[in-house]
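To start, the structure itself, in structure tokens.
The values are calculated or read from the model by the stated rules, or taken from the named source; none is laboratory data. The structure presented is a predicted model; accordingly, all values stated were derived computationally and were not measured. Heads up, the Cβs are rebuilt from the backbone with ideal geometry, glycines too, and the neighbour counts pull from every protein chain shown. Heads up: the accessible areas ignore ligands, DNA and RNA and are worked out on the full protein's heavy atoms, side chains in. Shrake-Rupley method; radii C 1.70, N 1.55, O 1.52, S 1.80 Å.
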Amino acid sequence: MTDLVVFLGPPGAGKGTQAIRIASEFNLAHISTGDMLREHVKELTDLGKTAKSLLDEGKLVPDDLVIQMLTERLSHEDCLRGSILDGFPRTLPQAESLEKISNKFPVRKVIVFEADQEELTKRILLRGEISGRSDDTEDSIRVRLEVYQKDTQPLINFYEDKRIVTKINAVGDIDNIYKLISKEF
């Protein structure tokens with residue numbers, strides 16, 4: 001059985017940065033579903049070919065296909081000590097689909113990164129300047145944060161009902177935030 005820890009939070013909250021660091025420190029696998037999906041497409045796996053055809057049509061990859069990829073990924077040896085999920089689930093239906101594999105891969109803890117919209121906007125704009133991403137505009141950021149709030153709040157409630165949520169103030173010094181998170185492991 002491989003325990004899962006879910007990192008939830010709005011864009012720009014530092015989930016990826018902290019997930020990489022925590023995974024390394026505690027010898028856990030860091031699984032970004034976006035990276036996993038891109039890897040399947042690049043490697044032209046059967047699941048990747050299916051995902052690519054959907055993406056080429058402008059469609060979202062359905063949750064059941066992501067769960068198939070995730071189940072396959074969680075069976076790798078580096079996941080035996082546990083895994084951090086970064087970017088999945090994002091919606092209540094995704095959390096419910098994750099429950100279907102919980103007998104083998106239970107969600108043990110959910111860490112919710114909290115930061116106010118002004119701070120997140122500043123971070124994402126700075127990240128966009130550094131990386132040259134043109135999609136990081138104030139308008140696009142506002143929309144992404146609204147979508148996060150609408151889709152993810154029910155997900156947080158779902159996990160709070162299971163009493164496995166820890167909320168972390170994701171504003172401040174990266175090392176201090178890391179210390180708060182590492183206490184949960």
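Remarks
- So Thr121, is it over 19 Å from the mean Cα position of the chain (by Cα), farther than 25 Å from Ala23 by Cα and not hydrophobic (A, V, I, L, M, F, W, C): no
- In segment 78-104, the residues that are closer than 17 Å to Ala13 by Cα and in contact (Cβ under 8 Å) with a residue 24 or more places away in the chain form Cβ pairs under 6 Å with partners that are of a type in the set (S, T, N, Q) and surrounded by fewer than 22 Cβ atoms within 10 Å (Cβ to Cβ), at six or more places apart or across chains, as follows: Asp86/Ser32; Gly87/Ser32; Gly87/Thr33; Phe88/Thr33.
- From Ser97, Ser24, residue being open to solvent by less than 40 Å² (accessible area, probe 1.4 Å), assigned to a helix (DSSP H, G or I) and of a type in the set (Gly, Ala, Ser): Ser97
- Residues of segment 1-10 that are crowded, with 20+ Cβ neighbours inside 10 Å and either without any contact (Cβ under 8 Å) to a residue 24 or more places away in the chain or outside any strand (DSSP E or B) (or both): Gly9, Pro10.
- Residues (among the small types (Gly, Ala, Ser) and at pLDDT below 90) located in segment 84-96: Gly87
- Annotation note: Cβ proximity below 9 Å between a residue of segment 150-175 that is free of Cβ contacts under 8 Å to residues at least 60 places away in the same chain and a residue that is among the basic types (Lys, Arg) and open to solvent by less than 70 Å² (accessible area, probe 1.4 Å) (sequence gap 6+ or interchain) occurs for Ile164/Lys109; Val165/Lys109; Thr166/Lys109.
- Test: residue in segment 57-72 that is at pLDDT 90 or above, under 26 Å from Tyr178 (Cα atoms) and either β-branched (Val, Ile, Thr) or crowded, with 20+ Cβ neighbours inside 10 Å (or both): yes
- If the condition is being part of a helix (DSSP H, G or I) and in contact with a Ser or Thr (Cβ under 8 Å, 6 or more places away or on another chain), then segment 11-21 contributes Gly16, Ala19.
- The lone criterion from (1) crowded, with 16+ Cβ neighbours inside 10 Å; (2) in contact with a Leu (Cβ under 8 Å, 6 or more places away or on another chain); (3) modelled with pLDDT of 90 or more left unmet by Arg81 is number (1).
- Applying the criterion of being over 12 Å from Ser83 (Cα atoms) and surrounded by fewer than 20 Cβ atoms within 10 Å (Cβ to Cβ) to the residues of segment 12-21, the residue that is modelled with the highest pLDDT is Arg21.
- Restricting Pro11, Pro93 to residues that are within 14 Å of the chain's Cα centre (by Cα) and under 30 Å from Arg123 (Cβ atoms) narrows the list to Pro11.
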